[in-house]
Each structure stands twice: as C-alpha cells, then as structure tokens.
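Take a look at the structure set out below.
The values are calculated or read from the model by the stated rules, or taken from the named source; none is laboratory data. Quick caveat: nothing in here was measured; it's all calculated off a predicted structure. Note: ideal-geometry Cβ built from the backbone for every residue, glycine included; neighbour counts use all protein chains shown.
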Amino acid sequence: GEDVEQSLFLSVREGDSSVINCTYTDSSSTYLYWYKQEPGAGLQLLTYIFSNMDMKQDQRLTVLLNKKDKHLSLRIADTQTGDSAIYFCADLPGGSYIPTFGRGTSLIVHP
Amino acid sequence: DAGVIQSPRHEVTEMGQEVTLRCKPISGHNSLFWYRQTMMRGLELLIYFNNNVPIDDSGMPEDRFSAKMPNASFSTLKIQPSEPRDSAVYFCASSLTGRTGNTIYFGEGSWLTVV
C-alpha cells in the first residue's frame with residue numbers, strides 16, 4: 001500500500017532555516033500536504049501543493065516537490081521558537097479522498 | 001467559520017465503561033474522518049464517511065468500536081466496553097471532496113484516558 005516516510009526529529013537554532021523532508025511511494029498522488037500540530041492541539045493545514053507543481057512559496061514557507069524521486073520538502077525560513085511543533089507530510093493518492101499521513105517530524109527550535 | 005468541533009475535549013473513564021465521542025464537521029463538508037493518534041502507532045484512520053455513508057471502516061480496531069453519522073452535521077464514535085489500550089487522542093476531520101486541494105480540516109481532538 002501507500003507509504004509516507006519522514007524522519008522523526010529535527011533540531012535547529014532560532015533564526016536558521018529548517019528543512020523537513022518526506023518521501024512517498026504512490027506515483028499517482030495528486031496533492032501533497034504539510035500539517036502542523038502544536039502540543040495539545042489538532043493538525044492544522046500549513047500548505048499543500050498540486051502534483052504538477054515543483055515549488056510553492058508562502059511567506060516563510062517553501063515547499064519543493066520532486067515528483068521523479070517522490071520527495072517533498074518543507075523549508076521554514078528564519079525559524080522561530082513558535083515553529084516548534086510536529087510537522088506531518090501527507091499525500092492524496094489518485095482516485096482517493098483519503099490522505100496517507102507520515103509519522104510526523106518533531107521540530108525543536110532552540111535559542 | 002467554525003471549524004470541526006469535537007466533544008468532550010478530555011475524558012477519563014474506567015475500564016469497561018462506554019465512551020461516546022462527538023463531532024460536528026464544517027458546514028457544507030461532505031466527507032468525515034475519525035482518526036486515532038498514539039505515540040506508538042502515530043495517526044491511524046479509523047473510519048471514513050462520504051455523504052453520511054461509511055465508505056472505509058477497515059481501520060476500526062474491533063467490534064468494541066462503532067461510528068455513526070446520522071446526518072451531515074453530526075457523527076459519533078463509540079467504544080463499548082472501553083479498555084486501557086484505547087487511551088489516545090481521537091480526531092475528527094472533515095473535507096469537501098472535489099474542492100481544489102481536497103484538504104481535510106481537523107478538530108482539536110478528544111483526549112481519552114481509560115484507567
């Protein structure tokens with residue numbers, strides 16, 4: 001079946017850029033998503049990218065998609081302590097309305 | 001717009017008791033999802049409804065779990081009898097299929113502890 005893989009932890013210094021990586025297996029994926037989960041809260045959509053796009057930028061967030069390698073990344077510029085959270089990658093397989101989520105990457109931002 | 005609304009936010013119950021979790025999806029959305037999140041297993045899809053009809057319930061752990069969606073604005077997830085291993089955060093999410101992005105929106109979760 002479909003699989004979405006992420007590393008579990010990332011630690012960065014405040015002010016640096018963070019890059020969270022994700023790989024997926026389904027070549028028919030139509031949309032790919034990044035969600036953010038803060039402690040005690042639900043998953044909040046950060047951004048999504050359509051599979052025919054290579055890049056999407058939204059303020060401090062840059063999403064890069066390499067469809068050939070089935071690799072998705074989320075870059076957060078000027079990372080702040082408020083960015084500390086778990087970031088989930090998800091893809092939507094073609095013909096499905098059910099996204100597949102990764103296990104999430106815990107981003108730790110230290111001074 | 002109000003987001004996905006879940007209740008209760010927190011519940012502590014004794015083993016063997018019945019637990020009912022409630023969800024109000026975003027108005028106009030036609031798909032509803034129930035997820036369970038634990039440290040060990042991450043985020044698991046329990047059941048998916050489309051137009052109030054259960055489409056995929058392959059993630060429901062066992063017969064102790066049941067979910068209903070009597071109308072477009074309400075769903076319940078029931079656990080009877082509850083067990084300590086059911087302790088988890090249960091999320092409800094909704095989406096409008098066919099909308100650009102097919103984005104699903106999550107509620108704040110129901111934090112269940114079974115002692």
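Restricting segment B:48-76 to residues that are hydrophobic (A, V, I, L, M, F, W, C) and not in a strand (DSSP E or B), which is surrounded by the most Cβ atoms within 10 Å (Cβ to Cβ)? Give the steps one after another, and end with the answer.
We begin by selecting, within segment B:48-76, every residue hydrophobic (A, V, I, L, M, F, W, C); these are B:49, B:53, B:55, B:60, B:65, B:67, B:69, B:72, B:74.
Subset that is not in a strand (DSSP E or B): B:60, B:72.
Working: B:M60: 18, B:A72: 16.
So the residue we want is B:M60.
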### Query
Of all the residues that make up segment A:21-51, how many are surrounded by fewer than 16 Cβ atoms within 10 Å (Cβ to Cβ) and of a type in the set (D, E)?
1
### Task
Please specify each residue of segment B:22-47 satisfying the condition of being crowded, with 18+ Cβ neighbours inside 10 Å and either closer than 23 Å to A:V4 by Cβ or among the acidic types (D, E) (or both).
B:S31, B:L32, B:F33, B:W34, B:Y35, B:R36, B:Q37, B:L43, B:L45, B:L46, B:I47
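Going by what's in this entry, would A:L74 be described as at pLDDT 95 or above, out of contact with any Lys or Arg (no Cβ under 8 Å at 6 or more places or on another chain) and away from chain B (no Cβ under 11 Å)?
Yes.
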### Query
Under 8 Å by Cβ, and 6 or more places apart or on different chains, what pairs join a residue from segment B:8-23 that is among the hydrophobic types (A, V, I, L, M, F, W, C) with one that is assigned to a loop (DSSP other than H, G, I, E, B) and surrounded by 12 or more Cβ atoms within 10 Å (Cβ to Cβ)?
B:M15/B:P81; B:M15/B:S82; B:M15/B:E83; B:V19/B:Q80; B:V19/B:S82; B:L21/B:P8; B:C23/B:V4; B:C23/B:G107
### Message
Suppose the filter is in a strand (DSSP E or B) and at pLDDT below 95; does B:L32 pass it?
### Response
no
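Residues checked against (1) away from every other protein chain (no Cβ under 11 Å); (2) in contact (Cβ under 8 Å) with a residue 24 or more places away in the chain; (3) over 15 Å from the mean Cα position of the chain (by Cα); (4) within 17 Å of B:L45 (Cβ to Cβ):
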| residue | (1), (2), (3), (4) |
| --- | --- |
| A:S11 | yes, yes, yes, no |
| A:G15 | yes, yes, yes, no |
| A:V19 | yes, yes, no, no |
| A:T23 | yes, yes, no, no |
| A:L32 | no, yes, no, no |
| A:I49 | no, no, no, no |
| A:K56 | yes, no, no, no |
| A:S84 | yes, yes, no, no |
| A:R103 | no, yes, no, yes |
## Note on the structure
By residue number, the members of segment A:62-78 that are over 10 Å from the mean Cα position of the chain (by Cα), surrounded by 15 or more Cβ atoms within 10 Å (Cβ to Cβ) and among the hydrophobic types (A, V, I, L, M, F, W, C) are A:L65, A:I76
#### Entry: Enumeration of residues in segment B:77-93 that are under 10 Å from B:V19 (Cβ atoms) and assigned to a strand (DSSP E or B)
B:L77, B:K78, B:I79, B:Y90
